[in-house]
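Have a look at the structure below, then the notes.
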Amino acid sequence: MATIYVDNAATTPVSREVLEAMTPYFSEVYGNPSSIFYSVGEQARQALDAARERTARALNAEPGEIYFTSCGTEADNWAVKGTARRMAAQGKKHLITSSIEHHAILHSMAALEREGFEVTYLPVDAEGFVRPEDVDAAIRPDTALVSIMMANNEIGTIEPIAEIAEVCRRRGVLFHTDAVQAVGAIPVDVKALGVDMLSLSAHKFNGPKGVGVLYIRRGVNPVNFMDGGAQEKRRRAGTENLAGIVGLSTALEIAVNGLAEKSKRLSELRDIVLDHVAAMPKVKINGPLDRSKRLPNNVNASFEAAEGESLLLMLDMKGICASSGSACASGSLDPSHVLLAIGLPHEIAHCSLRISFGVQNTVEEARAVCAALDEVVPKVRERSPLWNE
Ligand SMILES: *Cc1c(COP(=O)(O)O)cnc(C)c1O
């Protein structure tokens with residue numbers, strides 16, 4: 001039985017070109033980019049500089065504004081905690097975020113609350129949209145930072161980031177966006193968006209795991225997150241993950257150059273499943289109904305009385321890898337905070353499934369997912385005490 005991997009919002013496979021570009025940096029080019037007094041190190045330094053330039057170009061940033069990190073989570077932690085700690089010195093100890101952020105943001109905010117910061121968690125509407133006017137209304141004289149994600153990892157909502165950034169600029173408040181799900185899926189141009197900081201992670205767009213970027217606009221100065229050597233202009237210490245960084249920049253270039261085509265292909269797959277699921281009985285589609293405001297690869301739906309974990313297990317028996325709406329990875333049975341934030345009752349949130357496509361998926365696979373759902377959903381419901389036809 002062939003595996004059908006449709007959990008690309010969790011991670012993606014490294015593409016062949018990316019792997020090939022990375023390979024020399026594990027062996028032949030083994031130097032430390034900081035050891036520039038001999039050619040082995042100089043070669044590594046040049047590869048690092050080239051990767052930074054390519055990354056900057058793909059985002060319409062300057063090379064000096066690109067900081068490589070160990071993952072998207074680190075980039076988010078640095079932006080949020082580093083800015084909060086910098087602004088606290090000016091008496092600004094208030095932060096604004098949304099209630100549907102990734103835990104990298106939410107748990108960073110919670111850590112700051114324990115240190116005495118105050119955080120406003122903005123609500124979202126039933127499709128997961130943050131309203132720019134809510135951001136405006138929440139800003140106070142002591143607001144240090146606003147952080148709102150560019151696209152949601154569970155329900156695919158694409159937030160009005162340029163409008164929110166405009167509000168923040170007008171009010172003189174720094175703005176960060178977690179663009180980990182957006183980069184490689186929709187256009188991301190830091191200048192057009194007008195953001196001060198932006199996070200991304202390579203493994204979400206067919207790059208390697210364990211490498212990310214924090215874009216920091218020139219003039220913005222979060223407190224260093226890692227202290228040590230002089231790497232990353234003394235702002236993020238630690239010997240660079242050169243193979244990972246080369247992989248990230250290669251994957252980013254491929255994703256950005258082929259974005260229109262990729263997005264068209266992915267949305268075809270998404271729409272096959274969305275259309276199919278929408279026609280099934282007792283189903284609610286989660287996230288935006290306007291598909292232009294939804295990530296091209298995201299499907300999320302609740303199947304009344306069919307518990308998410310049971311659906312996943314039965315799909316797994318058919319070789320299909322998907323994701324449910326609950327935070328089972330953390331060992332908790334709480335339903336997803338995102339699904340609760342869009343107003344789903346607990347019992348519906350528990351019956352949710354996320355299917356997220358990637359470049360390696362095919363139309364046949366999308367159809368196979370539909371057929372599997374037709375089979376699996378009624379089976380799970382039959383066994384459910386909550387199901388009465
Ligand atoms: C995956 C993800 C992250 C975390 O990135 P890692 O590189 O896995 O640490 C942060 N935010 C969002 C929206 C994500 O989807």
> If amide H atoms are built 1.01 Å from N in the plane of the peptide, which residues on other chains or at least 5 residues away come under 5 Å of the amide H of Ser98?
Replying inline: Leu122, Met149
> By how many degrees, between 0 and 90 and to the nearest 10, does the Cα long axis of helix 363-382 differ from the longest principal axis of the chain?
Replying inline: 50
>> Leaving out ligands and nucleic acids, and using a 1.4 Å probe, what accessible area per residue does the range 16-257 come to in Å²?
In response: 39
> What shape does the range 274-362 have by the C-alpha gyration tensor, where a ≥ b ≥ c are the square roots of the eigenvalues, rounded means a/c under 1.5, and otherwise prolate means a/b greater than b/c and oblate the rest?
Replying inline: rounded
> For Val277, what charge total do you get from the other residues with a beta carbon under 14 Å from its beta carbon, if Lys and Arg give +1 and Asp and Glu give -1?
Replying inline: +2
> Taking only pairs that are 8 or more places apart or on different chains, how many Lys pairs in the chain have Cα atoms under 18 angstrom apart?
Replying inline: 9
> Any idea which of Asn224, Thr55, Pro208 is furthest toward the positive side of the dipole for the chain, if Lys and Arg beta-carbons carry +1 and Asp and Glu beta-carbons -1?
Replying inline: Asn224
> Taking H as built 1.01 Å from N, whose amide H comes closer than 5 Å to the amide H of Ser324, not counting residues under 5 places away?
Replying inline: Arg354
> How would you classify the chain from its alpha-carbon gyration tensor, with a ≥ b ≥ c the square roots of the eigenvalues: rounded for a/c under 1.5, else prolate if a/b is greater than b/c, otherwise oblate?
Replying inline: oblate
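Using the Cα gyration tensor of the range 179-253, with a ≥ b ≥ c the square roots of its eigenvalues, what is the shape: rounded (a/c below 1.5), prolate (a/b larger than b/c) or oblate (neither)? Numbers along the way, then the final one.
Details: a/c = 2.43, a/b = 1.16, b/c = 2.09.
Judged from the Cα gyration tensor, the range 179-253 comes out oblate (a/c at least 1.5, b/c at or above a/b).
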>> Once each part is reduced to its C-alpha centroid, what is the distance from the range 266-310 to the range 167-198 in angstrom?
In response: 27
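The values are calculated or read from the model by the stated rules, or taken from the named source; none is laboratory data. Keep in mind the model is a prediction, meaning the values are calculated, not measured. Backbone-built Cβ (ideal geometry, glycine too); neighbour counts: all protein chains shown. Side chains are part of the model used for accessible areas, which takes the heavy atoms of the whole protein and leaves out ligands, DNA and RNA. Shrake-Rupley method; radii C 1.70, N 1.55, O 1.52, S 1.80 Å.
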